[in-house]
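*Asks:* Would you mind keeping the following structure in view while I ask a few things?
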Amino acid sequence: MAAWQIAMIIMIGYLVIALVIGVLAGRNQDKSSLDEFAVAGGKLGLFVMWFLMGGAVFSAFSFLGAPGWAYSKGAPALYILTYTAFAILPWYIIGPKIGKIGRKYSIYTVSGFLKKRYNSRVLPILIGLIAVLASIQYLATQMKGMAYIFNIMTEGRIPFWLGALVSYGIVVVYVATGGLRAAAWSDVFQGLLMIIISWVVGLAIVNQLHNSVSGMFTDLVAAKPGFLEIGNQGSAMSPTAYTTTILVSVIGFLMWPHLFSKSYASNARTIKKTVLVYPVFALFLIPLLFVGFAAANVVDASLIGSPDEILPYLITAVLSLPGWVYGLVGAGALAAAMSSADAITHSASLEFTDGVIKNMKTNLTNKTTLLLMRIGVFVIGGLAYFITVFGGQGLIALLLGAYGSIVQFAPGVYGALYSRRITGPAVIIGLVVGTFVNYYFQLVAASTPFDIHAGILGLISNIVLVVVISSFTQPKSMQMADEYRKIG
Amino acid sequence: MSKKKFTTIYCLSLVIPLLLLIFPLFSLGNRSTPFIVGLPFSVFWVIAWIIVTFLIVLVMYSLDPDKDEEEVQ
């Protein structure tokens, strides 16, 4: 049997298992419960929660982008390890608090959280819209990854549109039927698979190309001095850019609705224990970076279309690996992409229903809300699919702008948690201006002042405005501001 | 230990390793040589501080005054 046939059988086998686990997990749960669909009844255990959070971070980017960064940029790729390890840490403090507030006022989204505290209908609509656009961008990236992997591992026999349709179609089906619980349990399977595959395949590649890890680095430092340093001669990134990229990722991480809302899905103890074991996930990324470093002085950049193709290129073109390795890497990359896609599709649908629809049309019953959320899963999935397959430059710019704007939720969220002085109008204006500044420097301006990340520039203007405007406006409900601050 | 005090200690003790991994303090680790356990110094520096961070969180958890709190629904 040809390598591509074995690879295809393994990947299809993986997809079938993922579908079965997802659908089974949602079985025997109350199908008519909004609470069950949105936050799994608030009762997810440690094991599942850990993989749910980890699966969300281990995305198509980890399998394709991380080796690509290491291959093309060198040391700047270390930012991925740093931010993965640190971004989760504030959750230990804020997660239990958000969870308690959520259970007290029956909240299950970011928009709902800010709406209650700032007593505004404009704010949740803004948050819902930004969240959906950003999620679609995120999903499109995952889907491109899935389709690409299918395509290259079967040596071009599965076309782009079909690979994306099959793998993401499965995600949509299990999320729409089983909600958060289905996403969580399929993430356990997907998480285990990608961790094992990344270590086995990563180290196998390093050993085939350079005999050992230290041999690889010795070769690399000799061939490309400065490649493993930042800002020095031969480096691909300045110190300011490196630092602000880490900061924006660390601050923005928990603002992503699919991560923020997990605070509602579990009790304080589970959240704390999840944070406790989480930095281990950062270490699982190491072999994938090593793959990129291993190729840096071996593969010429002109041979591949973009740096993201380095891992598949190594497997199919450089190394003579058997077909089952194709299949395993394919399955691992699919697992990584799907375990992010499920959580994001789920939360995008929740944010849109709760943030946008519910605030435009205020008299919805829980039953209708739940139905809208299930339909939303298909609508958002469909949109992301069409954008992935057909593209469209203007649209892509809009989505990229939204993607970079998630971090702008931070002042509103931290203001709600720790201050009684911060007011709704201040947060709205800060959010709008911060988003605009980020958008301008990310997509319009050719460069940023001092090489600072566009998101940080947006965040600085955002924070200044929030503080200044709050000082001469009054919170609508002092009682709610006090409640939020005191809980937890 | 009170909850407030715990939160302060938690934040401070974890900001330190983060600061060591971003500039200006990352300059301390920003070099290819010497190699340690087969890794270039910059790579080793990042991985080592992540492991230290993991250990700090473990210690923090054991000190947490309300790690066993039962929530009143």
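The values are calculated or read from the model by the stated rules, or taken from the named source; none is laboratory data. Fair warning: this is a prediction, and the values are worked out from it, not measured in the lab. In this analysis, Cβ positions are derived from the backbone assuming ideal geometry, glycine residues included, and neighbour counts consider all displayed protein chains.
*Asks:* Taking the range A:80-112 as the region of interest, how many residues are in contact with a Gly (Cβ under 7 Å, 6 or more places away or on another chain) and not small (G, A, S)?
*Replies:* Final tally of qualifying residues: 6.
*Asks:* Does the range A:206-242 hold any residues that are farther than 30 Å from A:L459 by Cα, within 7 Å of chain B (Cβ to nearest Cβ) and touching a Pro at 6+ places or on another chain (Cβ under 8 Å), and which are they?
*Replies:* Correct list: A:F217, A:V221.
*Asks:* Which ones in the range A:255-282 are within 28 Å of A:P307 (Cβ to Cβ), in contact (Cβ under 8 Å) with a residue 24 or more places away in the chain and either more than 11 Å from chain B (Cβ to nearest Cβ) or part of a helix (DSSP H, G or I) (or both)?
*Replies:* Hits for the range A:255-282 are A:M255, A:W256, A:H258, A:L259, A:P279, A:F281, A:A282.
*Asks:* Please enumerate the residues belonging to the range B:19-36 that are more than 8 Å from every other protein chain (Cβ to nearest Cβ) and either surrounded by 17 or more Cβ atoms within 10 Å (Cβ to Cβ) or within 21 Å of B:T8 (Cα to Cα) (or both).
*Replies:* Within the range B:19-36, B:L19, B:L20, B:G29 meet the criteria.
*Asks:* Can you report the number of residues in the range B:24-67 which are within 18 Å of A:T218 (Cβ to Cβ) and part of a loop (DSSP other than H, G, I, E, B)?
*Replies:* Residues flagged as within 18 Å of A:T218 (Cβ to Cβ) and part of a loop (DSSP other than H, G, I, E, B) within the range B:24-67 amount to 8.
One line per residue, one yes/no per condition, for (1) basic (K, R); (2) surrounded by fewer than 22 Cβ atoms within 10 Å (Cβ to Cβ):
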position	(1), (2)
A:I230	no, no
A:P239	no, yes
A:L247	no, yes
A:F253	no, no
A:L259	no, no
A:K262	yes, no
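*Asks:* What's the number of the condition A:T245 fails, among (1) within 10 Å of chain B (Cβ to nearest Cβ); (2) over 22 Å from A:H453 (Cβ atoms)?
*Replies:* Tallying (1) within 10 Å of chain B (Cβ to nearest Cβ); (2) over 22 Å from A:H453 (Cβ atoms), A:T245 fails exactly one: (2).
*Asks:* Which residue pairs have Cβ atoms under 9 Å apart, sit 6 or more places apart or on different chains, and have a first residue in the range B:37-51 that is more than 7 Å from chain A (Cβ to nearest Cβ) and a second that is in a helix (DSSP H, G or I) and aromatic (F, W, Y)?
*Replies:* Between residues of the range B:37-51 that are more than 7 Å from chain A (Cβ to nearest Cβ) and residues that are in a helix (DSSP H, G or I) and aromatic (F, W, Y), the close pairs are B:V37/B:F44; B:W45/B:F26.
*Asks:* Considering every residue within the range A:451-466, establish whether at least one is modelled with pLDDT of 90 or more and over 31 Å from the mean Cα position of the chain (by Cα).
*Replies:* no
*Asks:* Given the criteria within 30 Å of B:Y10 (Cβ to Cβ) and either in a helix (DSSP H, G or I) or within 14 Å of another protein chain (Cβ to nearest Cβ) (or both), does A:T316 qualify?
*Replies:* Criteria not met by A:T316.
*Asks:* Out of curiosity, is A:M216 farther than 24 Å from A:F378 by Cβ and either assigned to a helix (DSSP H, G or I) or in contact with a strand residue (DSSP E or B) (Cβ under 8 Å, 6 or more places away or on another chain) (or both)?
*Replies:* Here the answer is yes, as A:M216 does meet what is asked.
*Asks:* Quickly run through the range A:283-298 and pick out the residues that are away from chain B (no Cβ under 13 Å), part of a helix (DSSP H, G or I) and either touching a Gly at 6+ places or on another chain (Cβ under 8 Å) or among the β-branched types (V, I, T) (or both).
*Replies:* Residues satisfying the conditions are A:L288, A:V291.
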